[in-house]
Amino acid sequence: MTTSLTTTFCDRLREAARPIWDSQLKHPFVKALADGTLPRDVFEFYIRQDARFLDELSKTFAYAVTKTGDHAEMRRFGELSLHTLEVEQALHQEFARKFGVTVDEMQRTPMAPTNYAYTRHLLSIAATGSLAALLTSILPCAWIYAEVGTHFTRVLGAPGPEHPYGEWLSTYASPDFAATDGLAQRAMAGVSAPASITAIVNPGTPGTRGSDGEPWYTWRTRN
């Protein structure tokens, strides 16, 4: 696949979900998280749910390994699975320490109904769908977080040491996380044929459902 087609494909996925993505930058949860006014108990609830979500997300990348015979792709998906477990969960473990809870306690947190529904959607596609459908459903996760992190650090500036959620913002605005998002996008582009573009970007298909599921399990998880 050529670079121009890769760019066009990802751009079309992004454009299909634009109303959802734009609304997230205006969501009260996200804005309060960015400026540091989000109540601590709300953030703790979110972090506990996000830790549970990442366990399930890691499994979807493991499913992706089984859907390709290409060794480079297998290695790439394995790296994404390990990155999900190790790097992002390290952030959650740091917040667990601040909240005075153990990692085991975080892992025993019951899933909120929205989180459970979103992860069942992802795992269902992982188990029964094509590799392209699987990657389309999980691509919004890293992509949305990278966009939220970079947007608010650009608008509000880098968080200072007194910001209660500065580590969160710095993690998702970092070049390292952007590289992870780029890896996911390249993986998506590498398995997609031009004939599949129309079906994948239509409203109600995995890419837009994945985009809608992301805010529903995180930003609105207390509703």
**Student exercise, region 32-106 dipole from Lys, Arg, Asp, Glu Cβ charges, in Debye to nearest 20** = 100 debye
**Asked** What's log10 of I(q)/I(0) for region 27-116 at q = 0.20 Å⁻¹, Debye sum over Cα points only, no solvent?
**Response** -0.97
**Asked** For the residues Trp168, Trp21, what sequence is obtained by ranking on other C-beta atoms within 10 Å, fewest first?
**Response** Trp21, Trp168
**Asked** Leaving out same-chain residues fewer than 8 places away, which aspartates and glutamates sit with a Cα under 20 Å from that of Lys31?
**Response** Asp22, Asp41, Glu44, Asp50, Glu147, Glu162, Glu167, Asp212, Glu214
**Sparse-neighbour loop sites [trypsin sites (Lys or Arg not before Pro); region 70-146; at most 12 other C-beta within 10 Å; DSSP]** = Arg108
**Item:** Calculated FRET efficiency for the pair Arg12/Asp41, C-beta based, R₀ 41 Å, to 0.05
**Value:** 0.55
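Read the figures in this text as sums done on the coordinates, not as results from a lab. Predicted model, so just to flag it, every value in this text is computed and none were measured. So basically every Cβ, Gly included, is an ideal-geometry build from the backbone, and we count neighbours across all protein chains shown.
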